[in-house]
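The values are calculated or read from the model by the stated rules, or taken from the named source; none is laboratory data. Quantities reported herein were computed from a predicted structural model and do not represent experimental measurements. When we count neighbours, we look across all protein chains shown, and the Cβ atoms used for this are built from the backbone with ideal geometry, even at glycine. Only protein heavy atoms, including side chains, enter the accessible area calculation; ligands, DNA and RNA are left aside. Shrake-Rupley method; radii C 1.70, N 1.55, O 1.52, S 1.80 Å.
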Amino acid sequence: GKCCYELQKYIQAIEVYQKIIKINPNMPDVLIDAGNAQKKIGNFTEALNYYDLALLRGANSHDILLNKANVLLQMGSIEEAKNFCEILIDKKTQDVKVLVTYGNILAEMSEYDESQNYLKLAIKSNPKNEEAWSSLGNLYLRMRKYEDALKAYAEAIKLNPEDYITHA
């Protein structure tokens, strides 16, 4: 399953994961991997189902709540995504992925000042996080702060020159 996933053969990965789950449904890591593969092909509801099963099987709730928040954000369920992130934020996390996801959710809600605060906190926690810089650039673009957006994108590109999305 992991090999197929890494080769971006997500449907084949899902098939392998489903066979493993059928044999042993009590493997939370496999459930999470199946959820991640479902997310990659846009089966968001299935991804959420796998994440919920993984939680029931004792998986690390931090990672799953973050995965669920990201899926819900992609689905457009912004308030629900925000609620999951707030659970993680309430635990006083300095996890850059949580801070970036929460910043992106706030940007979707047009809460630009708060979004900027969380994205800058993510960058302060890890100045080499390309996703945080790219998200800050996207925020500045929404705010029509074009010079700031260019600076943030330049940092993201410096950290990951291969990222074609940031270059666009």
Fill in: Rg followed by Dmax, in Å, when the chain is reduced to its Cα trace
17.1, 55
Discussion item. Quick check on the chain: helices-only [θ] at 222 nm, where DSSP H runs of length 4 and up contribute -39,500 (n - 2.57) each and the sum goes over total residues. Nearest 500, please.
Written reply: -24000 deg cm²/dmol
Worksheet item: What's the local net charge at ALA13, with K and R +1, D and E -1, over the other residues with C-beta under 12 Å away?
Response: +2
Discussion item. Charges on Cβ only, +1 for Lys and Arg, -1 for Asp and Glu, centred on the Cα centroid of the stretch 37-168; of ALA54, SER77, ASN129, which one is farthest towards the dipole's positive end?
Written reply: ASN129
Practice prompt. Would you mind working out the magnitude of the charge dipole of the chain relative to its Cα centre, with +1 at each Lys and Arg C-beta and -1 at each Asp and Glu C-beta, to the nearest 20 Debye?
Written response: 260
Practice prompt. Kindly report the accessible area of the chain per residue (heavy atoms of protein chains, probe 1.4 Å, no ligands, DNA or RNA), in Å².
Written response: 57
Worksheet item: Among the listed pairs LYS120/LYS158; LYS2/LYS158; LYS68/LYS158; LYS2/LYS120, which are separated by more than 26 Å between their Cα atoms?
Response: LYS2/LYS158; LYS68/LYS158; LYS2/LYS120
Practice prompt. Could you calculate the contour length gain from LEU141 to ASP63, that is, 0.36 nm times the residue separation minus the distance between their Cα atoms, to one decimal place in nm?
Written response: 25.2 nm
